[in-house]
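Remarks on the structure that follows.
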Amino acid sequence: MTRKKVKLSFIANDSARKATYKKRKKSLLKKVEELSTLCGIEACAIVYSPDDPLPQVWPSDNGVERVVERFRIMPELEQSKKMANQESFIGQRILKSKDQVMKLMKDNREKEMTMFMFRCLNVGRVLPDNNMTTSDLSDLSSMIEQNLRDINKRLETLSANEMTTNQPQVQTPALAVPKTKETTLVNSGYGLDMNANPVPRQMFMDLLNGNGNQAIMPHFGDADLQLQTSFWPNLLP
């Protein structure tokens, strides 16, 4: 259940006014305490009542004096920067209400022009209206031009999307990668293609089996002699 909005006006009934004061004073002091605790700031509250001989303060007399003294040593411009009294508060509310009224008037004006425009579109001509002024006709013309611009912009967007959708997609042919021949590497680090010619393959197998001749051994240089003998010990004289 939603709370009923309270009308900000003086309460004429004495008992109702005192009850409201007691209830809201307690809430006000609680809010000040919460603000000081949560935000870590110095705050104070002084509440006067015609029914109480002394004002009620929070948090204490010394705390109020400390905060008030700190406020007094501030420059006058800083003191009144965010200060608000009843007169300024009411003035701000009036300005806010005026802005809301102007916004509502503008919305109503646009709705009236829109309704009149659709009425003219239904009959296919501009309806004679003796109450229409030059300002009304100017507003109607501006609204029609704005609607036409919006329609043209929408059509351009739809046309661009349709062209993009209907554009044929170009497929890139796949590149053929040639297969490489498999080669066999000997432990000495030199590559021999055994599949290209069967004669070197047979020579290599004879060398491994000990049936070969040192004269047909390929020359690797003197530096590789020790490496050759480590792999083919039967080739030594």
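Only the coordinates and a few stated rules stand behind these numbers; no lab work does. Treat the numbers as computed from the prediction; the structure is a model and nothing was measured. Glycine also receives a Cβ, built like all others from the backbone with ideal geometry; neighbour counts cover every protein chain displayed.
In this rough spin-label picture, where each label sits 7 Å from Cα along the Cβ direction, the L127-E78 distance is 6.4 nm.
The 3J(HN,Hα) values that the Karplus relation (6.51, -1.76, 1.60; θ = phi - 60°) gives for segment 105-111 are, in residue order, 5, 5, 5, 5, 5, 5, 5 Hz. Gly and Pro appear as x. Straight-line reach from K18: taking Cα to Cα under 16 Å and skipping same-chain neighbours fewer than 8 places apart, the lysines in range are K26.
Work out, step by step, the length gained on full extension between S97 and K4: first 0.36 nm times the residue separation, then minus their alpha carbon distance; give nm to one decimal.
Fully extending the segment from S97 to K4 adds 31.4 nm.
Taking amide H as placed 1.01 Å from N in the peptide plane, the amide H of I11 sits under 5 Å from none that are at least 5 places away or on another chain.
Computed 3J(HN,Hα) for segment 76-87, one whole-Hz value per residue from the Karplus formula 6.51 cos²θ - 1.76 cosθ + 1.60 where θ = phi - 60°, is 5, 5, 5, 5, 8, 5, 10, 7, 9, 10, 5, 5, glycine and proline marked x. Apply the Karplus curve 6.51 cos²θ - 1.76 cosθ + 1.60, θ = phi - 60°, to the phi angles in segment 29-36 and return the couplings in whole Hz, x for Gly and Pro. My calculation for segment 29-36 gives 5, 5, 5, 5, 5, 5, 4, 5 Hz in order. Stretching E162 away from T37 to a fully extended chain increases their span by 38.8 nm, per 0.36 nm per residue minus the current alpha-carbon distance. Basic side chains Lys and Arg get +1 at the Cβ, acidic Asp and Glu get -1 at the Cβ, and with that the dipole of segment 16-83 about its Cα centre reaches some 520 debye. Net charge in the neighbourhood of S80 (other residues with Cβ under 15 Å of its Cβ; Lys, Arg +1, Asp, Glu -1) is 0. The residues packed around K31, meaning those with a beta-carbon under 14 Å from its beta-carbon, carry a net charge of +3 if Lys and Arg are +1 and Asp and Glu are -1.
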